[in-house]
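A.B. asks: Let me begin by handing over the structure; questions about it come next.
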Amino acid sequence: MTRSLPIRLTALTALAFTAPQVGAADPTFEVYGQINFGLFDVDDGTESETFIADNDTSNTRIGLRYSDDLANGATIRFNFETGLGFASSSEASIEDNDLDIDLNRTDLRKLEVIYETPNFGTFYVGQGSMSADGITESDLSETSVVAYSGVDDLAAGFAFRPKDGAFSGVNVGDAFRLFDGSRRLRLRYDTPSFNGFTGSISYGEEELDQSDDREFTDIALRYSQDFGDVLVDGQLGYQWIDDDDTTDEEVLGGSIAMLHKPSGVSVALASSRLDEGDESYYYVKLGYQQDWFALGTTALSVDLFEGSDYAIDGSDSTSWALSAVQFIDAYNMELYASYRTYEFDAAGTDFEDIDVILVGARWKF
C-alpha cells in the first residue's frame, strides 16, 4: 500500500498557511475542553463491579482553537484536540476497571487546518472527522451525553456469559457496533449550504493505530433546518473501506432527529448496514425536555437498539435505556443518570443480560 497521504497533507497544510494572510479582524485563540466522569455499576449476570471511569459517550478532553479572518473573505482555522488518557468506560471489564491514566497517540482527536471560503465551501487538512463521522448520531433530545446510538460506549469491554457463568468471548462491543465514521488523517471538502443541505467528501488513512493499514473514502449529505416550532437534523453517508489484508467493506448509514420546541418532545431514528456481511441495526429514541427548574433544562429519554447478525450469524442484539440529564447553566455542567440493559441471543446458547447503572457529570470549559 502506498502511504503517501502524510506527504500530501504536509504540502496542503503549507499551501493553506501561505495563502493571503492579511486579516480583516484580529485573530482569536481559545482553550476549551470538558471533564466527564461517571460512577458505573455493571452486572453481567454472574458478577457485578462498581467503578469510576471516563464516560466514553463523550470523553474527557482538552483543545485549542485558532481563527483568523482573511482579506479575501475566507477564514483560516487551526484545531488541536486530545483526550487525556483516562481509562474509559468502553475499555473497562469485570477483570480490569481501575481508573488508570495512559496517554498515547490514539488519544489525539484533532490536529487540522480548516480553510472556509465565503462561496466555495470548506476544506479540511489533517487529523479530524471524516465525512461520515457522526452520520448515525442525529439527536435533539439533550441526553446524548449518556445515551445515543453508540450504545456500546458504556460497557463495550464486558463479555456476555452463558448461563453456566463462563465468559463467551463475545463482548458488548462485538454485539453492538455502530458502523459510524470516525476521525482519520484525511482530506475533506464540504460544500456550501443550499437550503439546509450540505454535501461532503473525504479520503483518509488511519495513522494513529500503526496496526491499521486501511484506507477510507466517505461521502455524506446533511440537512438542518429550523421551521419555527420544529427543528430537523438529518444525515446520510456511505463509506468505502479498502483493506489489503481482508475483505473490503462498504457501509451505508444515516439518521434523522426532530424536536417539537413548544412541547419539548423529540424523536431520533438511526440505522446502518455493513454490505460485506449481514450485520445491521436500527435505533429509535424518544425524548422530552422542559425548563422545570431555574438551574437549566431537564431532559428525559428512552431508547431502543435492535441489531442482527453481530458476532454470530443469526444472532440478535437488543439494548434499551432510560436516561435523565439536568443542565446547570451557571456552571456549564450536566448531571446525568441512566439505566441500560444489553441482551444478546444466539442459536443454541442462552446468554445472561448485562445491566449498567450510571450516574455522573460533565463540565465544559
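All of the numbers you see were taken from the coordinates with simple rules; none came from a lab. Please read these numbers as outputs of a predicted model, since none were measured by experiment. A quick note on method: Cβ atoms are made from the backbone with ideal geometry, for glycine too, and the neighbour counts reach across all protein chains shown.
A.B. asks: Please state the Cα pair-distance histogram of segment 190-270 with 10 angstrom bins from zero: what percent is in each bin?
C.D. replies: 16, 34, 26, 17, 7, 0
A.B. asks: Here's another thing I want to ask about it. Just how large is the dipole of the chain about the Cα centre, in debye to the nearest 20, putting +1 at every Lys and Arg Cβ and -1 at every Asp and Glu Cβ? Could you put the intermediate results ahead of the total?
C.D. replies: Values: 23 positive and 67 negative charges, 397 e Å.
Once rounded to the nearest 20, the dipole reads 1900 debye.
A.B. asks: Could I ask something else about it? Just need the Rg to Rh number for segment 46-105, please, alpha carbons only, Kirkwood Rh. Don't jump to the answer; show the numbers that get you there.
C.D. replies: Values: Rg = 18.3 Å, Rh = 14.3 Å.
Rg/Rh for segment 46-105 comes to 1.28.
A.B. asks: Can you give the charge dipole size of segment 84-157 about its Cα centre, rounded to the nearest 20 debye, using +1 on the beta carbon of Lys and Arg and -1 on the beta carbon of Asp and Glu?
C.D. replies: Working: 3 positive and 15 negative charges, 92 e Å.
Dipole of segment 84-157, to the nearest 20 debye: 440 debye.
A.B. asks: Taking only the Cα atoms of segment 95-229, how large is their convex hull per residue, in Å³? Spell out each step's value before the answer.
C.D. replies: Working: hull volume 22.2 nm³, N = 135.
So the per-residue hull volume is 164 Å³.
A.B. asks: Which value at 222 nm does the chain reach when only helices count, each DSSP H run of 4 or more adding -39,500 (n - 2.57), with the total divided by all residues and rounded to the nearest 500 deg cm²/dmol? Before the final figure, lay out the partial values.
C.D. replies: Working: 2 runs with 17 residues, N = 365.
For the chain, the value works out to -1500 deg cm²/dmol.
A.B. asks: Here's another thing I want to ask about it. Can you order the peptides 225-236, 281-292 by their average number of other Cβ atoms within 10 Å per residue, highest first?
C.D. replies: 281-292, 225-236
A.B. asks: Dimensions of the chain along principal axes (Cα, Å, largest first)?
C.D. replies: 69, 57, 39
A.B. asks: How would you rank T106, T60, T247, going from fewest to most other Cβ atoms within 10 Å of each one's own Cβ? Intermediate results must be reported in sequence, preceding the final value.
C.D. replies: On the way: T106 13, T60 19, T247 8.
Ranking T106, T60, T247 by Cβ neighbours within 10 Å, fewest first, gives T247, T106, T60.
A.B. asks: Measure out, as a whole number of angstrom, how far apart the alpha-carbon centroids of segment 97-134 and segment 27-59 sit.
C.D. replies: Centre-to-centre (Cα) distance: 20 Å.
A.B. asks: If you don't mind, another one. How large are Rg and Dmax for segment 279-365 when calculated on the C-alpha trace, in angstrom?
C.D. replies: Just the Cα atoms of segment 279-365 yield Rg and Dmax of 16.9, 54 Å.
A.B. asks: Can you give the FRET efficiency to the nearest 0.05 for K364 and L295, using r as the Cβ-Cβ distance and R₀ = 25 Å?
C.D. replies: 0.95
A.B. asks: Can you give the angle from 0 to 90° between the axis of helix 5-17 and the longest principal axis of the chain, with both taken from C-alpha atoms, to the nearest 10?
C.D. replies: With both axes taken from Cα atoms, the answer is about 50 degrees.
A.B. asks: Okay, next question. Work out, step by step, the length gained on full extension between S182 and A347: first 0.36 nm times the residue separation, then minus their alpha carbon distance; give nm to one decimal.
C.D. replies: Working: separation 165, 0.36 × 165 = 59.40 nm, distance 3.23 nm.
Difference between extended and current length: 56.2 nm.
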